[in-house]
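K.L.:
Input: one structure, supplied below.
The values are calculated or read from the model by the stated rules, or taken from the named source; none is laboratory data. The shown structure was predicted, so the numbers you read here are calculated from the model rather than taken from an experiment. Glycine gets a Cβ as well: all are built from the backbone with ideal geometry, and neighbour counts include every protein chain shown. Side chains are part of the model used for accessible areas, which takes the heavy atoms of the whole protein and leaves out ligands, DNA and RNA. Shrake-Rupley method; radii C 1.70, N 1.55, O 1.52, S 1.80 Å.
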Amino acid sequence: MLDKDILNKLFDNNFKDVNTLCYYGRKLISANDNELARKCFNKCLALEPNNLSACFQMFMLEIRQKNYDKAFLFFDKLLKSDNEFYHKDYNYYLYLLNIITDIPCNYRKNIERITYEDLMIPNNDKRYKDIYLQNKIRLAAFRKKFPYALKQLNDLVKKHKKMTVQDVISMNLLIQAINANKKIRSTVMVLIRKKQYNELLEFLLEREKRCGLSKNEVYIVKLVKTILTIKESLTVPEIKDVPCKNLFDAIDANNYHLALKLSNDYKKKYSNVNTLDAINFLLNDIISLIDTKL
């Protein structure tokens, strides 16, 4: 905690040293005194409305507290920076925010055309010690493997025994992305159990438009379309005579009995992992439909 005399001086109306205010604001955040830090940065911005350091810290505080509308007010100011390194970070944060919440309309075009290269840290960005590992984290996040990205970030922090401000915001966003995906999986499972396939398809296709789908979600869509096709046409897709090395190959080959066997084997081997539950349920539904039609 900061000395009372220092705090009184900082919040004195005559104190106008923005750099000192920012410095102590960061110290207050380190001490987990977010409300006093907020006062510090608000005073910075009252004195210097476009101060990038204060804007970034306020952006981070609003993200931590899930005040996304307020966070984007500061994000707008951050984008005025002409530093290309910063913009790689901002693309990464925007990508994750799009997973977590409804982003403002003016950013949706940015997301529609965003690529991994837009998030990738250049080799000459001196702010990062371990660019290779940082980019592995961003690639995992871009592929929507958020738990894996978070694990890699935790490993990186342990390796370097230090957490940068960029690591802090990345960690917060990854945790929130994981929680957002848990809610999505819960909704998907509810619709599957109720066999509300049309509603499930509509839900996932809308999600695809907004933020794209993970590999599992892509295959859930594929299986739901198969169920609807079997029900409507009363015909079963023909099995393709191609090698099937894994579950997804088997689904692509319309070999649903093999796919279900592989899915059940996975469940037995990784009983504490539920990432394929939705696919397993859908495969069981397809097998029941196939057995009925045959």
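K.L.:
Find how much the distance from Asn110 to Asn124 grows on full extension, using 0.36 nm per residue of separation minus their present alpha carbon separation; answer in nm with one decimal. Provide the component values of the computation, followed by the final result.
P.N.:
Working: separation 14, 0.36 × 14 = 5.04 nm, distance 2.43 nm.
Length gained, Asn110 through Asn124: 2.6 nm.
K.L.:
Could you check the spin-label model distance between Asp252 and Leu73? Points 7 Å from the Cα along Cα→Cβ, value in nm.
P.N.:
Distance between label points: 4.9 nm.
K.L.:
If you roll a 1.4 angstrom probe over the protein chains with everything in place, what fraction of the accessible area of segment 170-294 belongs to carbon and sulfur, to the nearest %? Let's see the in-between values first.
P.N.:
Working: 3710 of 7070 Å².
Heavy-atom surface of segment 170-294 belonging to carbon and sulfur, 1.4 Å probe: 52 percent.
K.L.:
Hey, what did segment 229-293 get for relative contact order, percent, Cα under 8 Å, at least 6 apart? The partial results should precede the final answer.
P.N.:
Working: 49 pairs, mean separation 19.6, N = 65.
Rounded, it is 30 percent for segment 229-293.
K.L.:
Sticking with this structure for a sec: Would you please give the FRET efficiency between Asn13 and Ser81, computed as 1/(1 + (r/R0)^6) with r the Cβ-Cβ distance and R0 = 30 Å, to the nearest 0.05?
P.N.:
Details: r = 29 Å, r/R0 = 0.98.
Computed FRET efficiency for Asn13 and Ser81 comes out at 0.55.
K.L.:
May I pose another question? Could you give log10 I(q)/I(0) at q = 0.10, 0.21, 0.23 Å⁻¹ for segment 167-294, computed by the Debye formula over C-alpha point scatterers of equal weight, without solvent?
P.N.:
-0.35, -1.32, -1.47
K.L.:
If you put +1 on each Lys and Arg Cβ and -1 on each Asp and Glu Cβ, how big is the dipole of segment 1-143 around its Cα centre, in Debye rounded to 20? Please report the intermediate quantities before stating the final value.
P.N.:
Values: 23 positive and 19 negative charges, 41 e Å.
It works out to roughly 200 debye.
K.L.:
Moving to a separate point now. Just order 119-127, 41-49 by mean Cβ neighbour count inside 10 Å, highest at the front, would you? Walk me through the intermediate numbers first.
P.N.:
Numbers: 119-127: 13.7, 41-49: 17.8.
Order by mean packing, descending: 41-49, 119-127.
K.L.:
Now, a different point. Find how much the distance from Lys209 to Glu117 grows on full extension, using 0.36 nm per residue of separation minus their present alpha carbon separation; answer in nm with one decimal. Don't skip to the answer; put the middle values down first.
P.N.:
On the way: separation 92, 0.36 × 92 = 33.12 nm, distance 2.06 nm.
Extra length from Lys209 to Glu117 when fully extended: 31.1 nm.
K.L.:
Simple spin-label model, 7 Å along Cα-to-Cβ: Tyr132 to Ser288 in nm?
P.N.:
In this crude label model, Tyr132 to Ser288 measures out at 5.0 nm.
K.L.:
When only C-alpha pairs under 8 Å and at least 6 residues apart count, what is the relative contact order of segment 1-115, in percent?
P.N.:
On the way: 81 pairs, mean separation 17.9, N = 115.
With pairs under 8 Å counted, the relative contact order is 16 percent.
K.L.:
Would you mind getting me the FRET efficiency between Thr187 and Lys267? Use the beta-carbon distance for r and R0 = 22 Å, nearest 0.05. Write out the running numbers ahead of the final one.
P.N.:
Working: r = 21 Å, r/R0 = 0.96.
So, using R0 = 22 Å, E works out to roughly 0.55.
K.L.:
Give, as a single signed number, the net charge of other residues whose beta carbon lies under 11 Å from the beta carbon of Asp125, with Lys and Arg counted +1 and Asp and Glu -1.
P.N.:
On the way: positive: Lys88, Lys126, Arg127, Lys129; negative: Glu84, Asp89.
With Lys, Arg at +1 and Asp, Glu at -1, the net is +2.
K.L.:
Here's a follow-up. Normalising by the residue count of the chain, find the relative contact order in percent from Cα pairs under 8 Å and 6+ residues apart. Intermediate results must be reported in sequence, preceding the final value.
P.N.:
Numbers: 254 pairs, mean separation 30.5, N = 294.
Relative contact order of the chain: 10 percent.
K.L.:
Taking 7 Å along the Cα-to-C-beta vector as the label spot, tell me the Lys245-Glu232 distance in nanometres, rounded to one decimal.
P.N.:
Here the answer is 3.4 nm between the modelled labels.
K.L.:
What is the Cα centroid distance between segment 195-228 and segment 147-172, reported in whole angstrom?
P.N.:
If you average the Cα positions of each part, the centres end up 32 Å apart.
K.L.:
Beta carbons within 10 angstrom, averaged per residue: use that to sort the peptides 111-118, 183-190, highest first.
P.N.:
Going from most to least packed, we get 183-190, 111-118.
K.L.:
Tell me the label only: which of (i) -0.57, -0.77, -0.97; (ii) -0.38, -0.58, -0.84; (iii) -0.49, -0.72, -0.97 is log10 I(q)/I(0) by the Debye sum over Cα atoms at q = 0.09, 0.11, 0.13 Å⁻¹ as calculated from this structure?
P.N.:
Step by step, log10 I(q)/I(0) by the Debye sum over Cα atoms at q = 0.09, 0.11, 0.13 Å⁻¹ for this structure corresponds to label (i).
K.L.:
Also: Using just the helices of the chain, give the 222 nm mean residue ellipticity in deg cm²/dmol: DSSP H runs with n ≥ 4 each add -39,500 (n - 2.57), and the total is spread over all residues, rounded to 500.
P.N.:
Working: 16 runs with 211 residues, N = 294.
When only DSSP H runs of four or more count, the value is -23000 deg cm²/dmol.
K.L.:
Charges at C-beta only: +1 for Lys and Arg, -1 for Asp and Glu. How large is the resulting dipole of segment 181-294 about its Cα centre, in Debye rounded to 20? Could you put the intermediate results ahead of the total?
P.N.:
Values: 20 positive and 14 negative charges, 100 e Å.
For this selection, approximately 480 debye.
K.L.:
Averaged per residue, what accessible surface does segment 189-294 expose to a 1.4 Å probe, in Å²? Mind dumping the intermediate values first?
P.N.:
Values: 6250 Å² over 106 residues.
Here the residues of segment 189-294 average 59 Å² of exposed surface.
K.L.:
Compute the signed sum of charges (Lys and Arg +1, Asp and Glu -1) over the other residues within less than 9 Å, Cβ to Cβ, of Ile227.
P.N.:
Values: positive: Lys195, Lys225, Lys231; negative: Asp285.
Once all neighbours under 9 Å are counted, the net charge is +2.
K.L.:
Charges at C-beta only: +1 for Lys and Arg, -1 for Asp and Glu. How large is the resulting dipole of the chain about its Cα centre, in Debye rounded to 20?
P.N.:
Values: 50 positive and 35 negative charges, 138 e Å.
So the dipole magnitude of the chain works out to roughly 660 debye.
K.L.:
Moving on. Write down the Å³ per residue value for the convex hull defined by the alpha carbon atoms of segment 205-256.
P.N.:
So the per-residue Cα hull volume is 76 Å³.
K.L.:
Something else: Calculate, for segment 1-148, the solvent-accessible area per residue in square angstrom, rolling a 1.4 angstrom probe over the heavy atoms of the protein chains.
P.N.:
Details: 8210 Å² over 148 residues.
Value returned for segment 1-148: 55 Å² of accessible area per residue.
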